[in-house]
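The values are calculated or read from the model by the stated rules, or taken from the named source; none is laboratory data. The structure displayed is predicted, hence computed values, not measured ones. Surface areas here come from the heavy atoms of the whole protein model, side chains and all, with no ligands, DNA or RNA. Shrake-Rupley method; radii C 1.70, N 1.55, O 1.52, S 1.80 Å.
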Amino acid sequence: MNQLDLIPRSQEQIAPGVWHVPDWLPIDQQNAVLTLLRHCTRKGWYTPKMLNGTPMKHPIACIGLQWRPYEYYEARVPVPGEFILMAVQALIDTNLQRYLPFTPDTGIVNMFPLGSSLGLHQDKSEDQPLIDAGSPIVTVSLGDSGMFRLGNVAHRDPPYKDIELRSGDLLVMSGHSRLAYHGITEILPNTCPADLEMQSPGRISLTMRRAKEE
């Protein structure tokens, strides 16, 4: 065991409106989320190409509204009620009740194999009134840890804050910081919990949000 693993991790507001909650989901709930994700994403995986034709470095699947750079369109499968309730609980647990009621219409599932990453970017494909209101983005991590990098709203340049997102961790971005540049710099091998029923090494993230006003 790494000596750092002996240091308790605590809930932290890492920027205004951005909360990291370690070990938010116990292992049984992580496995339940994985099972439901497999059901919802059957035959739904694809690797988007950016507007310049460059493919992303990892595949994604969408629950609810589909996403392509940089727009949302018709839903393939609805967002399950279990995930909606989970997103609501995430806001309660991070003292973000002001954003309730919250009904995500999109769940983007990222499958990060070992060696993959996600460059710094802003989430701004959603309807502008939702962005202006700071509507939250709720992310749950599963599998191997990912190094999450949080930057600034105005530019991609430093300073950055790097945080290890482990399996079961919760991250919520809201308010003005919702538009902060962020990404995943690396996936840490051999960090997946032994009892998690992953089918292959890597990291899965489920990111839920409201993309359309109505």
* Considering only protein heavy atoms, what per residue accessible area in square angstrom results for region 154-214 with a 1.4 angstrom probe? -> 48
* **Debye intensity ratio in log₁₀ form over the Cα atoms of the chain, taken at each q of 0.12 Å⁻¹** => -0.59
* Structure fact -> A student asked for the Cα radius of gyration and Dmax of region 6-74 in angstrom ought to give 16.7, 46
* So what's the Cα pair-distance distribution over region 76-187, bin width 10 Å, in %? -> 13, 43, 39, 6
* Structure fact -> Residue span residue 57 to residue 194: 0.36 nm per residue of separation minus Cα-Cα distance leaves a gain in nm of 46.7 nm
* residue 127 to residue 29: extension gain in nm, 0.36 nm per residue of separation minus the Cα-Cα distance? -> 32.1 nm
* Expressed as a whole percentage, what fraction of the accessible surface of the chain belongs to carbon and sulfur atoms when a 1.4 Å probe is rolled over the protein heavy atoms? -> 54
